[in-house]
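This report concerns only the one structure given below.
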Amino acid sequence: MIEDEKIKNSSELEFAVFCIENVAAKLGVDAERVYQAFTEQSDILNGYIVPEYEVLHTQSREYIVDDLLDVMKERGVVSSNTVGKMVLSPGMNTMKVGKMN
């Protein structure tokens, strides 16, 4: 299991912001909602993004976003209800969001 880590430098901070903004854009929601999903509804920020920074930041934007969406599904933050649609889990005020490309 990956241990929780806090952001240690500006590179990790910039990457965390990059992840939040790009997942929000893919889902068609506000970045604040994704931040809440990564910190309040799960431990994705400090339990996955930060500890895996060295590997993740070398990947493409598309790979990173798709990987984070998979992690969100695994941790119950977002679920696939229909093909091409995703909804945030009940703790995130369930809503249908944009079409996945």
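Read-outs: derived from the displayed coordinates by stated rules, not from any lab. Note that the structure is predicted; figures quoted are calculated from it, not measured. Neighbour counts run over all protein chains shown; Cβ positions are idealised from the backbone, glycine included.
Determine the sum of side-chain charges near D66: Lys and Arg each +1, Asp and Glu each -1, restricted to other residues whose C-beta is under 12 angstrom from that of D66.
Residues close to D66 contribute a combined charge of 0.
Which order results if L56, L45 are arranged by neighbouring Cβ count within 10 Å, fewest first?
By the 10 Å Cβ count, ascending, the order reads L56, L45.
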Check: Out of residues 5 or more away from V78 or on other chains, whose amide H comes under 5 Å of its own, with H placed 1.01 Å from N in the peptide plane?
Finding: K73, S89
Check: Roughly what would the spin-label model give for F18 and E74, points 7 Å off Cα along C-beta, in nm?
Finding: 2.1 nm
Next item on the list: Principal axes first, then extents: for the Cα atoms of region 1-83, list largest minus smallest coordinate on each axis, whole Å, largest first.
Entry: 38, 24, 21
Margin query: Just to check I understand the Karplus step: with θ = phi - 60° and J = 6.51 cos²θ - 1.76 cosθ + 1.60, what whole-Hz values come out for region 21-26, glycine and proline as x?
Written below: 5, 6, 5, 4, 5, 5
Notebook entry, point to check: region 1-48: which GluC sites (Glu not before Pro) are DSSP loop and have at most 14 other beta-carbon atoms within 10 angstrom?
Noted result: E3, E40
Check: Are there trypsin sites (Lys or Arg not before Pro) in region 1-43 that DSSP marks as loop and that have at most 15 other Cβ atoms within 10 Å, and which are they?
Finding: K6, K8
